[in-house]
Amino acid sequence: MTTIFDLLKLANLSLDNRLVMAPMTRSRALPDGTPGATAAEYYSQRASIGLIITEGTQPSDDGQGYMASPGIYTEAHVDGWKKVTSAVHQKNGKIFIQLMHAGRMSHPDNTPHHRQGVAPSAIAPNADMFTPHGMQQAPTPRALTTAEVKQTVKDFAYAAKCAVEAGADGVEIHGANAYLIQQFFAPSSNVRKDEYGGSIENRARFAIEIAKAIIEEIGADKTAIRLSPGTMMWGIDEGEEGPDLYRYLVSELNKLGLVYLHIMHLGNDALLNDIRSLWKGILIVNRPSRPRDQIGQDIAAGLAELESYGQMVLANPDLVARLKAHLELNEPDRNTYFGGNDTGYIDYTFLSE
């Protein structure tokens, strides 16, 4: 029986175990989007995990939605991320940078340029978000023109090129959690009349074009994607056609040879089984709030090759060692998740302490 501690070949990478650090926003970047001074220590502390996926990292100015989130499209960004990837690699870790465009989940107060957010259509998410002035409603976004959609595809590809230049082992396209790519999937956020709206094929087009553009830039062996079928966050409603959209999307992505597919599973077991059948490559399954006694079950059952964990890895930089030794886990401090200083960032204790 395969376990979480077994080795795995991921394209050209050899993973020491089958545990993955899920992407988690920490809001500790510098004002220009360069990773913060202790980001290298934060990620390298967790290098014993099989694969690190970084926090969502914007591919352009307009891709930023949250305060102090990092970017990967300028020379300063590349230099900052080089420090992170180097520190992780020095400990034999593997790291993918997640490319995330927030779309309409943005507030002008959170960005240096203070512009209105952009989205498939000018429909507000009806959601509150953190800003420097407290919780505020995310305002109505501006609808991207068709030309701007195509430019955004190019922005993702350029960001992927920058990520590899910065030493990342690959990139994960963030197509989940109600951000820009998923906004194109959902009829509740996409009422476009051009080639990116209407039919399932049209609503999936943006994601597929991004994947193809990144593959052309850095190769399929360094390109992955994360999806969250059925998310009902922040006004996203994929409707009755939602499962069929994902069946179509996964079948099309499967043709591209991506290095992995990362699914945040929200309970539709039939759809997850269909995705497993359609997807012939490496599958990562993330089950939010999965209890400790269920760690490894998807791998043991052959449903997934890898399992990803967020808060457990945040609070336990040596999670692998703790699980192997059947020892107690640190509890995460929710008050320090977003922003602030190094408290709750690089000060969680190791077994050796």
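Return the residues of segment 344-353 that are surrounded by 11 or more Cβ atoms within 10 Å (Cβ to Cβ) and either of a type outside the set (D, E, K, R) or not in a loop (DSSP other than H, G, I, E, B) (or both); say none if nothing qualifies.
Gly344, Tyr345, Ile346, Tyr348, Thr349, Phe350, Leu351
Okay, residues lined up against (1) among the hydrophobic types (A, V, I, L, M, F, W, C); (2) surrounded by 17 or more Cβ atoms within 10 Å (Cβ to Cβ):
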{"residue": "Gly257", "(1), (2)": "no, no"}
{"residue": "Ala270", "(1), (2)": "yes, no"}
{"residue": "Leu278", "(1), (2)": "yes, yes"}
{"residue": "Gly281", "(1), (2)": "no, yes"}
{"residue": "Arg292", "(1), (2)": "no, no"}
{"residue": "Met312", "(1), (2)": "yes, yes"}
{"residue": "Lys324", "(1), (2)": "no, no"}
{"residue": "Glu328", "(1), (2)": "no, no"}
{"residue": "Pro332", "(1), (2)": "no, yes"}
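Output the number of residues of segment 48-70 satisfying the condition of being without any contact (Cβ under 8 Å) to a residue 60 or more places away in the chain, part of a loop (DSSP other than H, G, I, E, B) and in contact with a His (Cβ under 8 Å, 6 or more places away or on another chain).
Count: 1.
Residue-wise test of (1) buried (at least 21 other Cβ atoms within 10 Å of the Cβ); (2) in a loop (DSSP other than H, G, I, E, B); (3) at pLDDT 95 or above.
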{"site": "Lys82", "(1), (2), (3)": "no, no, yes"}
{"site": "Ser86", "(1), (2), (3)": "no, no, yes"}
{"site": "Phe96", "(1), (2), (3)": "yes, no, yes"}
{"site": "Pro112", "(1), (2), (3)": "no, yes, no"}
{"site": "Arg115", "(1), (2), (3)": "no, yes, no"}
{"site": "Lys154", "(1), (2), (3)": "no, no, yes"}
{"site": "Glu172", "(1), (2), (3)": "yes, no, yes"}
{"site": "Phe184", "(1), (2), (3)": "yes, no, yes"}
{"site": "Val191", "(1), (2), (3)": "no, yes, yes"}
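If you take the residues in segment 117-143 that are over 22 Å from the mean Cα position of the chain (by Cα), among the hydrophobic types (A, V, I, L, M, F, W, C) and assigned to a loop (DSSP other than H, G, I, E, B), which one is surrounded by the most Cβ atoms within 10 Å (Cβ to Cβ)?
Ile123
Go through (1) closer than 19 Å to Pro112 by Cβ; (2) in contact (Cβ under 8 Å) with a residue 60 or more places away in the chain; (3) buried (at least 21 other Cβ atoms within 10 Å of the Cβ) for Ala39 and report which single condition fails.
Here Ala39 clears every test but (2).
Sort out which residues of segment 29-46 are more than 16 Å from Ala315 (Cβ to Cβ) and either in a loop (DSSP other than H, G, I, E, B) or modelled with pLDDT under 95 (or both), and write them in order of number.
Ala29, Leu30, Pro31, Asp32, Gly33, Thr34, Pro35, Gly36, Ala37, Thr38
Taking interchain pairs and intrachain pairs at least six residues apart, which have beta carbon atoms under 9 angstrom, with the first residue in segment 136-155 and touching a residue at least 40 places away in the same chain (Cβ under 8 Å) and the second surrounded by 16 or more Cβ atoms within 10 Å (Cβ to Cβ) and of a type in the set (Phe, Trp, Tyr)?
Ala138/Trp234; Thr146/Tyr196; Val149/Phe184; Val149/Tyr196; Val149/Phe206; Thr152/Phe206; Val153/Phe206; Asp155/Tyr73
Are any residues in segment 307-326 free of Cβ contacts under 8 Å to residues at least 40 places away in the same chain, more than 14 Å from Tyr42 (Cβ to Cβ) and in contact with a helix residue (DSSP H, G or I) (Cβ under 8 Å, 6 or more places away or on another chain), and if so, which ones?
Once the filter is applied, which keeps residues that are free of Cβ contacts under 8 Å to residues at least 40 places away in the same chain, more than 14 Å from Tyr42 (Cβ to Cβ) and in contact with a helix residue (DSSP H, G or I) (Cβ under 8 Å, 6 or more places away or on another chain), segment 307-326 yields only Met312.
Keeping to segment 194-228, report how many residues are closer than 17 Å to Glu238 by Cα and not β-branched (Val, Ile, Thr).
14
Since Ser308 meets every condition but one in (1) of a type in the set (S, T, N, Q); (2) loosely packed, with under 13 Cβ neighbours inside 10 Å; (3) within 21 Å of the chain's Cα centre (by Cα), which condition does it not meet?
(2)
Which of the numbered conditions does Trp234 fail, given that it passes all the others? Conditions: (1) touching a residue at least 60 places away in the same chain (Cβ under 8 Å); (2) in contact with a Leu (Cβ under 8 Å, 6 or more places away or on another chain).
For Trp234, the failing item is (2).
Inside segment 197-228, can you point out the residues that are hydroxyl-bearing (Ser, Thr, Tyr) and either in a helix (DSSP H, G or I) or crowded, with 20+ Cβ neighbours inside 10 Å (or both)?
Thr223, Ser228
Within the group Leu266, Leu258, Leu323, Leu271, which residue is in a helix (DSSP H, G or I) and under 19 Å from Ile181 (Cβ atoms)?
Being in a helix (DSSP H, G or I) and under 19 Å from Ile181 (Cβ atoms) holds for just one of Leu266, Leu258, Leu323, Leu271, which is Leu271.
Among (1) aliphatic (A, V, I, L, M); (2) surrounded by 24 or more Cβ atoms within 10 Å (Cβ to Cβ); (3) within 23 Å of Ala39 (Cβ to Cβ), where does Ala68 come up short?
Going through the list (1) aliphatic (A, V, I, L, M); (2) surrounded by 24 or more Cβ atoms within 10 Å (Cβ to Cβ); (3) within 23 Å of Ala39 (Cβ to Cβ), Ala68 breaks only (2).
The values are calculated or read from the model by the stated rules, or taken from the named source; none is laboratory data. Predicted, not measured: the structure shown is a model, and the values here were computed from it. Counting neighbours? That spans all protein chains shown, and the Cβs are built from the backbone with ideal geometry, glycine included.
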